[in-house]
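Bear in mind these aren't lab numbers, they're just calculated from the coordinates by the rules spelled out. Since we're looking at a predicted model, the values are computed, not measured. Heads up, the Cβs are rebuilt from the backbone with ideal geometry, glycines too, and the neighbour counts pull from every protein chain shown.
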Amino acid sequence: MSRYRHLLKKIGWSAFTILFVLILNFFLFRVLPGDPVKSGTHDPRLKKETQEALRVRFGLDKQVINCFETLNPIKLGKCDLNPFDTQFFIYLRNLTRGELGFSFHTNRPVADILVERLWNTILLIGAGQVLAIIAGMVLGIFAAWKTRTSVDYGALITGLVAWSLPTFWLGILLLFWGSNNGFPIGGRVTPGTSSYPFSYQVGDIAKHMILPTLTYTIVYMGEYLLIMRSSLMDVLSEDYILTAKAKGLSAFQILKDHALKNAMLPIVTIVAINLGFTVAGAIQIETVFSWPGLGGAVFEAINRRDYPVLQGVFLLIAVSVVIANLIADLTYAYLDPRVQTE
Amino acid sequence: MAVQTVELKPSTGSLSRPSSWTTLGKNRIGLVGLIMLVAAVVVAVFASVLAPYDPKTSEGITSSDIYQRPSSAHLLGTDDAGKDVLSSFIYGSRVSLIVGFFAAFISIVIGGIIGIVAGFYGGRLENILMRFTDTMLVIPDLPLIIVIVALTKPSLLNIIFVIGLLGWTTTARLVRSQTLAVKSRKFVLRARAIGAGNWHIIQHHILPLVLPLLVVNAILVISLAILEESTLSFLGLGDPTVISWGQMLNFAFGRGAMSAGAWWALVAPGFGIVWIVLALTLLGHGLEQVLNPRLESHHLMPGRPAVQQEAMLGISARSSRNPKPVVLDIQNLSIHYISEDKPPARAVENVSFQLHEGELMGLVGESGCGKTTLMMALMKLLPAAGQIVNGKVLFNNQDLTAMSEEEIADVRWSAISIIFQGAMNALNPVRTVGEQIAEAIKKHVAIYHEAQVDERVSELLELVGIAEEHKDHFPHQYSGGMRQRAMIAMALACSPQVVIADEPTTALDVMIQAQILELLDDLRKKLGLAIIFVTHDLGVVAEMCDSVLVMYGGVTAEYASVDTIYNAPRHPYTQELLKAFPDLSKPEKRLSSIPGYPPKLDALPVGCRFAPRCPLAFERCFIEMPALHSLNGGDHIASCHLVEN
C-alpha cells in the first residue's frame with residue numbers, strides 16, 4: 001500500500017513541477033523585454049492591416065489572461081472575459097494538441113522541428129551517457145578499491161580535471177585535432193551521400209559521432225568517477241562488508257555481490273539530476289560539432305532570435321528532465337527495498 | 001554540470017577546529033588549488049600592468065596582423081582582429097572572476113537565507129520553501145539562463161543577476177540540513193531555554209556552524225557560475241563591451257581560427273577557464289576534506305602482513321584442566337595500529353589462551369581494552385592500519401597468521417565464524433537474509449546443489465527459531481532479536497569448530513538477550529562448538545562460561561577457569577570488576593565502581609597499565625610492567641607484581 005502512496009506522491013509532485021514549468025515558460029516570454037513579435041507588430045514600416053494580421057497570427061489580439069491586457073508593462077484589462085479566450089488558455093490548449101507555434105525563421109511548426117531534432121540529440125546523449133557511466137564507474141570502482149594507492153590518486157586527479165573542463169572547449173580542441181586527422185569536421189552525415197547504401201550511411205553517422213561522443217564521455221565521466229568513488233568508499237567501510245569478508249568471500253565477490261548494488265543507488269539519482277546538465281552539455285557539443293540536435297537548435301534560435309523555437313526547446317527540455325527525475329525516483333524505490341516499506 | 005558533488009553531508013562535529021589551516025597545509029590538493037586561485041586573482045588585479053598591449057584599441061593593427069603565430073612580439077599570437085591574444089587573455093580573467101564571485105554571492109545569500117529560514121522555523125514555511133527549491137532544482141539551469149539572457153540585454157550585470165538568481169538551489173538544501181542538525185544541539189536548546197530570541201540564536205549559534213559549510217559550497221558555486229558565464233559568452237550571449245574568455249572562443253571559433261590553423265587563439269582562452277575552475281575545484285575538494293575528515297580506509301584494503309619477533313615475556317597458557325583436544329591456541333599475540341605520523345598504538349600485547357573443543361570462554365574487559373581487535377586478528381580481519389607484530393594463532397596446529405589472503409579465505413567461516421555485534425549493520429540491507437546465509441554455504445560447501453543449499457538455509461533458520469517464510473525477507477523487515485538470531489544461523493552455516501560471539505546481545509532487551517544466550521549454550525552442547533564470548537556481562541560469564549580471559553588496556557590481566565576467577569581472583573582489576581557487579585547470592589554486598597578510565601592506546605603508562613586506577617598499586621607498578629605469572633602450574637595466569645612468588 002505504502003509503495004503506491006509513495007508512487008502517487010512522486011507522480012503528483014512531478015505533475016506540479018511540469019505545471020510550474022508551463023506557467024514559467026508562458027510568462028517568461030511575455031514579461032521579459034525584447035519579444036520580436038511585439039516589436040514586429042509595432043514596426044511603423046508595416047501597414048496597420050499587416051500589423052493586425054501578425055497580431056492575429058501570433059494570438060496577440062487576445063487578452064493575456066483575465067484582468068490583464070498585457071503583462072509588460074502591466075496593463076489591466078477586462079475581468080469578465082471568457083477565461084478560455086485568453087492567450088494563456090489558448091497556449092495551454094495548443095500544448096495539449098502538441099502545437100508549439102511557428103518558427104519565425106522558417107515558418108514551420110516548432111513541434112515538427114523539435115521532433116526531427118530530438119532523435120539526433122537522444123542518439124548523441126544516449127551514446128555519451130552510456131560510455132561516461134561505464135568509464136566513470138569502472139574507474140571509480142578501481143579508485144575506491146585501490147584507495148590510497150597511485151591508481152586512486154591518478155583517478156581522483158583525472159576526475160577533478162575532467163570535471164573542470166568547459167565542454168565546448170574540449171569539443172573545440174578535439175574538433176581541431178580531428179579535422180587534421182581525417183575526422184569529419186562536424187555535422188551528422190557527409191553531404192551528398194543520401195543515395196548511398198544503408199550500411200554506408202550508418203557507418204557515416206557513426207564516424208561523425210565519434211568526436212562529439214568522446215567529448216561528452218570525457219566531461220561527464222569525471223563526475224561519475226568521483227561519485228562512484230566516494231559512494232563505494234562509504235559502502236566498503238560498512239559493517240556488512242566486514243561480514244562478507246569474514247565469510248571468506250574474495251574481494252571480487254564482495255564488490256560484485258555486496259558493494260556495487262548499494263553504491264550504485266546514488267548514481268541512479270545523479271544520472272537523472274544530471275539530465276539537466278547533460279542538456280547544457282549537449283547545447284555546447286552540438287554547437288561545436290554542428291550536430292543537428294536540440295542543442296544546435298538552441299544556438300541557431302539564439303542567433304536568429306527565433307523565439308518560438310527557443311521556447312519550444314526549453315519546454316521540451318524542462319519537461320523531459322522532470323520526467324527523468326520521476327523515473328529515477330521510481331527506479332530508486334525499486335532498487336532499494338528499504339524505500340518500499342517506509 | 002555536476003552539482004551533486006557539492007553536497008556535503010551535514011556535519012556538526014568538528015566544524016570549527018583550530019587545526020583547520022594546518023590540515024589544509026597538509027592537504028596538498030587543497031593547497032595547490034589555493035595557489036592557483038591566488039595566481040589568477042593577481043593576474044586579474046594587475047591586468048593593466050601585465051598585459052603587453054591594450055586589447056581595447058585597434059590602433060596600428062593592419063589586416064596582415066590577423067592570426068599571426070606566436071612570436072616574441074605576440075607571445076600567444078594574434079586573434080581574428082589582429083589583437084594580441086595574451087593581452088586579451090589577461091584581461092579576460094577579470095570577467096570570469098567578477099561574474100563568478102558576484103553571481104555566487106547572490107546565490108549564496110539567497111540559498112543561505114532560504115536554507116536557514118526553512119531549517120530554523122520548520123513547519124509549513126519549510127515545506128513551501130523546500131518544495132519551491134526542489135522544483136527549481138529540477139528545472140535545468142543553463143537552458144533557462146540562455147532563454148532569459150537572450151530575451152534581455154546581454155550586459156555583464158544581467159548575466160551576473162540571472163546566473164546568481166538561478167544558482168541557489170543546492171546551497172539552500174545544504175544549509176537547511178545543516179541548520180536542522182545544529183538546531184537540535186544542546187547549546188541551542190539551552191540558549192532557547194534561557195529565553196534567547198530567534199534572531200539571536202540564528203546569529204550567534206546557527207550561523208557560525210553553517211558558515212564553514214557555506215564557504216565550501218560557495219567555492220563550487222563560483223566555479224559553476226564561471227563555467228556558465230563562459231558558455232553564455234561562447235554561445236554569443238556575452239556582454240559585447242567586455243573581453244571574456246568565452247567571447248574570445250566565440251570569435252575565434254566563429255571567425256575561422258579552425259581553418260586558419262590558429263590553435264593559439266583556441267587554446268589560450270580555454271586554458272584560462274580550466275585554470276580557474278580547476279583551482280576552485282581542487283580548493284573545494286581540499287576544504288571538504290578538512291571540514292569532513294573521512295577515514296580514507298575500508299574493509300577491502302589489503303591488511304598488513306604479520307611479522308614475528310622473538311618470543312616475548314616468556315610464558316604462555318598451557319592449561320591442563322580440560323581433557324578435550326585444543327582447537328585454537330593463541331600464543332603471545334601482539335597487535336599494533338600503525339599510523340604515518342604517530343608512534344604505533346599497542347592495542348594488544350602478549351595475549352595467550354587456549355580454546356578446547358566444546359569450551360565456552362568468556363572475554364571480559366571495559367570498552368577499548370582490545371577485545372574486538374584481538375578477535376578480528378584471529379581471522380585476520382584487522383583494519384588496514386592493524387598489524388600482528390608478534391605471536392601465533394594456531395588453529396588445529398596450523399598458524400593462521402602466516403597464511404596468505406587466499407588461504408585464510410578458506411578458513412574463514414568454515415572453521416571460525418563470527419557473530420558480530422549490532423546485526424543491523426552486519427547484514428547487507430539490500431539482500432535477503434536467506435541469500436546472505438546461502439552465500440556462505442555456496443562458498444565453502446561446494447558439493448551442495450541449489451536445492452540442498454535452500455534446504456540447509458531453512459534448517460539453519462529453524463534451528464535459531466526463525467520460520468522458513470522469513471527467509472526471503474530483507475534485514476529491515478526483521479526485529480532486532482530476529483536479526484541477531486539470523487546472524488547466529490549464518491555463523492553456523494558451514495559448521496565451524498569455533499564461533500566468536502562479539503557482544504551478541506548488546507542493544508537487545510533483556511528477554512531477547514536471555515533467549516539468545518540460551519540458544520548459544522544449547523547449540524554449543526548440541527554441536528560441540530567452541531565459543532569465545534566477548535561481553536561486559538559478568539553474570540552471564542559466571543553462569544555459562546568454562547574459562548575467563550580478563551583483559552585490561554590490551555594486556556591479559558588474568559586468565560583462569562570460571563571458578564578461580566570468581567572465587568579466587570588474584571589481579572586487582574578482576575577483584576575491582578567483581579566488586580562492581582551485583583551478586584544475587586550476596587544481596588547485602590555494596591557495589592563500587594572503579595574510578596577513572598582505561599588508558600588511551602597512544603598514551604600508555606610505562607609501568608602496569610592498571611596502576612593509575614589500582615587501589616593496591618605501589619612504587620614498582622608505575623615503573624615496571626608486570627610479567628605474566630603462572631599460578632597452579634599454568635592453569636591460572638595473572639599479570640601483577642603482587643602475585644610474584
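Select from A:Leu173, A:Phe142, A:Gly98 the residue farthest towards the positive end of the dipole of chain A; place +1 on Cβ of Lys and Arg, -1 on Cβ of Asp and Glu, and compute about the Cα centre.
A:Gly98
Give me the one-decimal nm value for the distance between modelled label points at B:Leu207 and B:Lys153, 7 Å along each residue's Cα-to-Cβ direction.
3.6
Please enumerate, by chain and number, the lysines with C-alpha under 20 Å from the C-alpha of B:Lys56, excluding those fewer than 8 residues away in the same chain.
B:Lys83
Hey, what D do you get for region B:421-495 in µm²/s if you plug the Kirkwood alpha-carbon radius into Stokes-Einstein at 10 °C and 1.306 mPa s?
Estimated via Stokes-Einstein, D reaches 132 µm²/s.
For the residue pair A:Ser250 and B:Glu59, what label-to-label distance in nm results when each label sits 7 Å from Cα along the Cα-to-beta-carbon direction?
Placing both labels 7 Å beyond Cα along the Cβ direction yields 7.6 nm.
Quick one: if the Förster radius is 56 Å, what FRET efficiency do B:Asn198 and B:Val445 give, using the C-beta to C-beta distance and rounding to 0.05?
The computed FRET efficiency comes out at 0.30.
Can you work out the FRET efficiency for the pair B:Lys526 and B:Asn567, with r the C-beta to C-beta distance and R0 = 30 Å, to the nearest 0.05?
0.55
So for B:His74, B:His470, fewest C-beta neighbours within 10 Å to most, what's the order?
B:His470, B:His74
Name the residue, out of A:Ser103, A:Ser231, A:Ser195, whose mean-square fluctuation peaks in a Gaussian network model built on chain A with Cα pairs under 10 Å.
A:Ser195
How large is the Kirkwood hydrodynamic radius of region B:424-561, in angstrom, based on all distinct alpha carbon pairs?
16.1
Using the basic label-point model (7 angstrom from Cα toward the beta carbon), what is the B:Lys586 to B:Val38 distance in nanometres?
Modelled inter-label distance: 6.8 nm.
How much of the pair distance distribution for region A:90-160 lies past 17 Å, counting alpha-carbon pairs only, in percent?
65
How much length is gained if the chain between A:Asp85 and A:Glu52 is pulled fully straight, taking 0.36 nm per residue apart and subtracting their Cα-Cα distance, in nm to one decimal?
Contour length minus the Cα-Cα distance gives 10.1 nm.
Quick one: Karplus J couplings for region B:170-178, per residue in order, coefficients 6.51, -1.76, 1.60, θ = phi - 60°, nearest Hz, x for Gly and Pro?
Per-residue couplings from phi come out as 5, 4, 4, 5, 4, 5, 4, 5, 5 Hz.
Please report Rg (one decimal) and Dmax (integer) in Å for the Cα set of region B:73-212.
20.9, 72
With r as the distance between the Cβ atoms of B:Leu189 and B:Lys324 and R0 = 51 Å, compute the FRET efficiency 1/(1 + (r/R0)^6) and round to 0.05.
Efficiency at R0 = 51 Å is approximately 0.30.
If you wrap a convex hull around the Cα atoms of chain A, how much volume per residue is inside, in Å³?
Hull volume normalised by residue count: 208 Å³.
Please compute the Cα-Cα pair-distance distribution of chain B with 10 Å bins starting at 0, giving whole percents from short to long.
Computed distribution, short to long bins: 3, 12, 17, 16, 15, 14, 11, 7, 4, 1, 0.
Along the principal axes of its C-alpha atoms, what lengths does the protein assembly as shown span, in descending order and rounded to whole Å?
118, 75, 70
How large is the helix-only mean residue ellipticity at 222 nm for the protein assembly as shown, computed as the sum of -39500 (n - 2.57) over DSSP H runs with n ≥ 4, divided by its residue count, in deg cm²/dmol to the nearest 500?
Result for the protein assembly as shown, helices only: -18000 deg cm²/dmol.
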